[in-house]
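All remarks here apply to the structure that follows.
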Amino acid sequence: MSDDHDRIAVDFDNTLSAGERGYVDEEPEEPDEEMVQWVNERYAEGDTIIVWTARPWEAAARTVARLTEWGVDWHGIRMEKGNADVYVDDKGAVPSEELLEDGYDGDGEVDGDEQKDGRHDDASDS
């Protein structure tokens, strides 16, 4: 990787997907639209996007179907990262902090003042 591009591992459940619904539920998950847009912007900027989930390999086809349905751009997928209640990692980031840093409000919906490039439209504030 070059120094100006990152390798980003993005969780699926409760990061790319909104709410508490998981892959074992009957109802399909809903996307976190802001996170999907943020991931797609990072992909377009040349970063490598790896979807890394605790879901088992048996759920891979369904997970890929959701990524495709939601229009998520990604390079690779990793399953079975391990199931835990808390992950402590020196490179960990809270999804809402990443969104806020890039001009989103963190509510899971793409608003009119959040431009396609993820930057906040200051003109709408006046």
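Nothing in this text is a laboratory measurement; each read-out follows from the coordinates by a stated rule. Predicted model only: the values in this text are computed from it and were never measured. Glycine also receives a Cβ, built like all others from the backbone with ideal geometry; neighbour counts cover every protein chain displayed.
Amide hydrogen proximity for GLU30: with H placed 1.01 Å from N in the peptide plane, the residues at 5 or more positions away or on another chain lying under 5 Å are ALA18. Footprinting exposure proxy ranking of VAL10, VAL51, VAL110, VAL88, fewest other C-beta atoms within 10 angstrom first, gives VAL88, VAL110, VAL10, VAL51. Which shape class, rounded, prolate or oblate, goes with region 43-90 when its Cα gyration tensor gives a ≥ b ≥ c as root eigenvalues, a/c under 1.5 marks rounded, and past that a/b bigger than b/c marks prolate? Judged from the Cα gyration tensor, region 43-90 comes out oblate (a/c at least 1.5, b/c at or above a/b). The Cα atoms of region 1-110 give a gyration tensor whose axes a ≥ b ≥ c have a/c under 1.5, which makes the shape rounded.
Length gained on full extension, VAL86 to ALA60, computed as 0.36 nm times the residue gap minus the Cα-Cα distance: 7.1 nm.
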